[in-house]
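Everything below concerns the one structure shown next.
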Amino acid sequence: MAHPLLSQTISLLSQLTAHNTVSSLSNVQLVQEVEQYLSAQNLNATVALDESGEKASLLCTIGPAVDGGVVLSGHTDVVDALGQTWSTPSPFTLTERDGRLHARGACDMKGFIACVLAAAPTFAAATLKKPIHIALSRDEEIGSVGMPQMLDMIREGGNTPAAAIVGEPTKMQIIAGHKAGYEMLTIFKGVAAHSSMPTVGSSATVPAARFAVFLDELSKEMAQSPDLESPFVPPYGLINVGIIQGGTGKNIVADKCIVDWHYRPLPQDNPEEIVERARRYAYDVLLPQMQEHGHPAEIDFIQESFYPGLLPQKDSPALQLVQTLLQKQQYDVAPFGADSGFFQQAGISAVLVGPGSIEQAHKPDEYIEIEQLSQCLHFLDDLRQHLTT
């Protein structure tokens, strides 16, 4: 059944997706427009900028200033559409076709944000016994790097929420856990030379290749020791070497090579153990080889981001809340990461529930089904009613 706020939601989604908020670009204009929209509804929002002034986060609390409220969390950044072939006029022009709304971010996850914003006036009009906190974060797609700032904003607000609902696209199914993630760069710095005299230089590409093989061996080692009681598929940590980039020519000893890799541990794992093993191999084995002829070779490790996993907890207030609202007990876990692990780490229980399918995220012609938006709006109605009784 179409929801009365569906038309307004689609209009808001059109405005949200018109902003190219790829993680490498600014999201400030989008956040400012959301702040203005909320202000027009007589709702006050707090906006915080990062150090560059080019990225913004927003927090709006609706209802009484007490502990125990519910956070509705969504990230405003999207992945790039460059290199993708779209059949719509533009990735940033919302296009309706066959009951689907196509645009970059329509599914992941501006559809959820549009639903929350459309429902905001109904939250404000209700006599809530616990507050609803609308939290729009930044830079989730590059490793949830905006979440520490968001948690600071929530703490500064003075009222501790009991639960967070992160609106990632789950087809309105309950996701109670996800893996953690380390996004790493390992940079090998050698000394350039003519390839006919390799000892005059120090290759960066050869040790980088050996390092990539070592990471693959670590990944295979984890696969040989699965957690047979884990709900995750696969039930062990994963390492992926995504990019190896270095060298300038086949007749030149490469002086630099970058290994861009991603480690996804289970939520209960000690992620530092694997990362430290990678460091020790690089520094204790590979670096001496690079410096064998007295060359000033170096290896640098850069942690681009880390997001904690979300450990499923059957007694979680967030899980029990959405089970009640959706009238279902069944829940699942996800192989991808999200902002929710940060909430759990901060003592705020969290789950993932949102409109759209993760299968459509990040793809050309990304879309969200209109029916999914209606389902989400009805879900938010039930949340509002729950918090008023």
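The values are calculated or read from the model by the stated rules, or taken from the named source; none is laboratory data. Keep in mind the model is a prediction, meaning the values are calculated, not measured. For neighbour counting, all protein chains shown are included, and Cβ atoms are generated from backbone atoms with ideal geometry for every residue, glycine included. With ligands, DNA and RNA removed, areas are computed over all heavy atoms of the protein, side chains included. Shrake-Rupley method; radii C 1.70, N 1.55, O 1.52, S 1.80 Å.
Residue count for region 100-128 satisfying the condition of being within 17 Å of Val166 (Cα to Cα) and of a type in the set (D, E, K, R): 2. Only helices (runs of 4 or more DSSP H) whose full extent lies in region 270-389 are considered here, and the ones with at least 1 residues that are out of contact with any strand residue (DSSP E or B) (no Cβ under 6 Å at 6 or more places or on another chain), open to solvent by 50 Å² or more (accessible area, probe 1.4 Å) and in contact (Cβ under 8 Å) with a residue 60 or more places away in the chain are 271-281, 287-290, 317-326, 370-388.
Yes/no per residue for (1) closer than 21 Å to Glu359 by Cα; (2) of a type in the set (Phe, Trp, Tyr); (3) within 21 Å of the chain's Cα centre (by Cα); (4) open to solvent by 50 Å² or more (accessible area, probe 1.4 Å):
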| residue | (1), (2), (3), (4) |
| --- | --- |
| Leu151 | no, no, yes, no |
| Ile154 | no, no, yes, no |
| His178 | yes, no, yes, no |
| Ser230 | no, no, no, no |
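Restricting to region 156-176, give me the number of residues that are part of a loop (DSSP other than H, G, I, E, B), of a type outside the set (S, T, N, Q), more than 12 Å from the chain's Cα centre (by Cα) and within 27 Å of Leu326 (Cβ to Cβ). Break it down into steps so the answer makes sense when it comes.
Taking region 156-176 as the starting set, the residues that turn out to be part of a loop (DSSP other than H, G, I, E, B) are 158-162, 167-169, 171-174.
Of the ones still in play, those that are also of a type outside the set (S, T, N, Q) are 158, 161-162, 167-169, 171-172, 174.
Among the residues that remain, those that are also more than 12 Å from the chain's Cα centre (by Cα) are: 158, 161-162, 171-172, 174.
Then drop every residue that is not within 27 Å of Leu326 (Cβ to Cβ), which leaves 161-162, 171-172, 174.
Result for region 156-176: 5.
Scoring Gly237 on the criteria (1) touching a Lys or Arg at 6+ places or on another chain (Cβ under 8 Å); (2) within 23 Å of Leu311 (Cβ to Cβ); (3) open to solvent by 60 Å² or more (accessible area, probe 1.4 Å) leaves a single failure, condition (3). Here is the figure for region 237-257: residues that are more than 30 Å from Glu273 (Cβ to Cβ) and part of a strand (DSSP E or B) total 2. Against the list (1) out of contact with any strand residue (DSSP E or B) (no Cβ under 9 Å at 6 or more places or on another chain); (2) of a type outside the set (A, V, I, L, M, F, W, C); (3) open to solvent by less than 40 Å² (accessible area, probe 1.4 Å), the condition Gln36 fails is (3).
Under the condition of being closer than 21 Å to Gly309 by Cα and free of Cβ contacts under 8 Å to residues at least 60 places away in the same chain, which residue from region 240-269 is surrounded by the fewest Cβ atoms within 10 Å (Cβ to Cβ)? Please lay out each step first, then the result.
Of the residues in region 240-269, the ones closer than 21 Å to Gly309 by Cα are 240-242, 260-269.
Going one step further and asking which of them are free of Cβ contacts under 8 Å to residues at least 60 places away in the same chain, we end up with 240-242, 268.
Details: Asn240: 12, Val241: 17, Gly242: 9, Gln268: 11.
Within region 240-269, the match that is surrounded by the fewest Cβ atoms within 10 Å (Cβ to Cβ) is Gly242.
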